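Shown below is the structure under consideration.
What follows is calculated from the coordinates using simple rules that are stated; it is not laboratory data. For clarity, every value in this text was computed on a predicted model and none was experimentally measured. Positions of Cβ are backbone-derived with ideal geometry, glycine not excepted, and every protein chain shown enters the neighbour counts.
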């Protein structure tokens, strides 16, 4: 559920008209709903009841400081994949002790930064990374908290670009290597084994892959326990999908109950860490865009809008589907068979293809489900300033990132003498 809906044929975010935001802030523009972010976080946290858990929002989905601030105030932890994301969490008021640092390519500087800050855990994804973390921790005189990320070789049934739990993916260590690596880590004076982690992919719409991966990880937990290696937490990652079109993903409550059922049957009482990102932020945001021109095409019209692939990359990158709706409906605009395309000089620059939409030049459109992997994947291609970001809070709205300007794009560049 989200808090975007029509009132007398005009689309609102909570109690604010999206047309008002577009008029005052301009387009393209990302708009987020605070109430939706809060609702989605609680949907993951509350089903656990008294079971020990740590819901760590995946910052890579949407790292706007105001988004992080809203979640931090609810008690969220954070899953990060770069030193820059750690900086953002701290700037938003988050605590390093609530941060899990994932990712296959942590640099020396990032590991030093994480250990100095005191992150909760580093997810180790290779033997080479274990060696690097041990050496850096020894130099700093610290004990690094680590959990190995296991690759369980489970097919998540999602787009190949966002599948992370198969043998051919770059993520995690093979389950067959786990015992040896844990035993090696235990012998290192500067390493503190805290847990075990697993993340098999994003936008999953079935429970079976999650359950299969958990069973395989719990098999490893038993093997480790039999060899005297006791863990403190079990990181199940994220990946629960959202509804972009007609998908029917499990609800957070269904997902949580399925995981708890397995944990109880297996007699596992480890504290659980979850890392939802898209499932919290995806349907909490939309992208506002305005129709610049309507151009006839061979099979319909091109609606040329002011948002482009540099603003929302997912359609061009994944052929992802986003619902596109008119901000004001019920008028006399003709219904068109159309492709919604941007002004970037690429044939791959499209927001949506093969749609039927009532629109004329100057109309406002809203691209739904754009709160995750929208602004964070944007760029300045074609020297286009990135859009503003707005947070709606009830009847008020706040510009939480100003629109970039052409001057700001070149501010760090220097002409030759």
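Going by average Cβ neighbours within 10 Å, how do the peptides 211-217, 146-152 rank, with the highest at the top?
Output ranking for 211-217, 146-152: 146-152, 211-217.
If one computes the Cα centroid of region 200-219 and of region 76-151, what distance in Å separates the two points?
Result: 24 Å between the Cα centres.
If you don't mind, there's one more thing I want to ask. Give, in nm to one decimal, the length gained when the segment between residue 211 and residue 264 is fully stretched (0.36 nm per residue of separation minus the Cα-Cα distance). Could you put the intermediate results ahead of the total?
Values: separation 53, 0.36 × 53 = 19.08 nm, distance 1.30 nm.
Extra length from residue 211 to residue 264 when fully extended: 17.8 nm.
Tell me, in nm to one decimal, what length is gained between residue 227 and residue 332 on full extension, where the rule is 0.36 nm per residue of separation less the Cα-Cα distance?
On the way: separation 105, 0.36 × 105 = 37.80 nm, distance 7.24 nm.
Full extension from residue 227 to residue 332 adds 30.6 nm.
Mind checking the angle between helix 208-226 and the chain's longest principal axis? C-alpha axes, 0 to 90 degrees, to the nearest 10.
20 degrees
If packing is taken as the mean number of other Cβ atoms within 10 Å per residue, what is the order of 42-49, 190-197, highest first? Display every interim value, and only then the final one.
On the way: 42-49: 16.6, 190-197: 21.1.
Sorting 42-49, 190-197 by mean packing, highest first, produces 190-197, 42-49.
Taking the radius of gyration and the Kirkwood hydrodynamic radius from Cα positions alone, what is the Rg/Rh ratio for region 258-386, to two decimal places?
Details: Rg = 19.1 Å, Rh = 16.4 Å.
Using Cα coordinates only, the ratio equals 1.16.
Okay, next question. To check you understand DSSP bridge types, tell me what percent of the beta bridges within the chain (both residues inside) are antiparallel, rounded to 5. Provide the component values of the computation, followed by the final result.
Details: 35 of 73 bridges.
The antiparallel fraction comes to roughly 50 percent.
In region 103-274, what percentage of the DSSP-assigned beta bridges are antiparallel, given to the nearest 5?
Values: 1 of 19 bridges.
Counting DSSP beta bridges with both partners in region 103-274, the antiparallel share is about 5 percent.
Could you work out which residue, out of 202, 176, 121, moves most in a Gaussian network model of the chain, that is, has the largest mean-square fluctuation with Cα springs under 10 Å?
176
Please report, largest first and rounded to whole Å, the three semi-axes of the ellipsoid equivalent to the chain, where each semi-axis is the square root of five times an eigenvalue of the C-alpha gyration tensor.
Values: eigenvalues 331, 111, 77 Å².
With the √(5λ) rule applied to the chain, the semi-axes are 41, 24, 20 Å.
Using only the Cα atoms of region 16-85, build the gyration tensor, take square roots of its eigenvalues as a ≥ b ≥ c, and label the shape rounded, prolate or oblate: rounded if a/c is under 1.5, else prolate if a/b is larger than b/c, else oblate.
Working: a/c = 3.62, a/b = 1.69, b/c = 2.14.
Oblate, since a/c reaches 1.5 and b/c is not below a/b.
At residue 24 and residue 395, where each label point lies 7 Å from the Cα along Cα→Cβ, what is the point-to-point distance in nanometres?
Rounded to a tenth, the inter-label distance reads 1.3 nm.
Related question: Rounded, prolate or oblate, given the Cα gyration tensor of region 337-417, with a/c below 1.5 counting as rounded?
It is oblate, given that a/c is not under 1.5 and a/b is not larger than b/c.
Only helical DSSP H runs with n ≥ 4 go in: add -39500 (n - 2.57) per run for the chain, normalise by residue count and round the 222 nm mean residue ellipticity to 500 deg cm²/dmol. If you can, show how the numbers build up before the last one.
Values: 12 runs with 117 residues, N = 417.
After summing the helix terms and dividing by residue count, I get -8000 deg cm²/dmol.
Measure nothing but the geometry: give the 0 to 90° angle between the long axis through the Cα atoms of 108-117 and the longest principal axis through the Cα atoms of the chain, rounded to 10°.
That works out to roughly 80 degrees.
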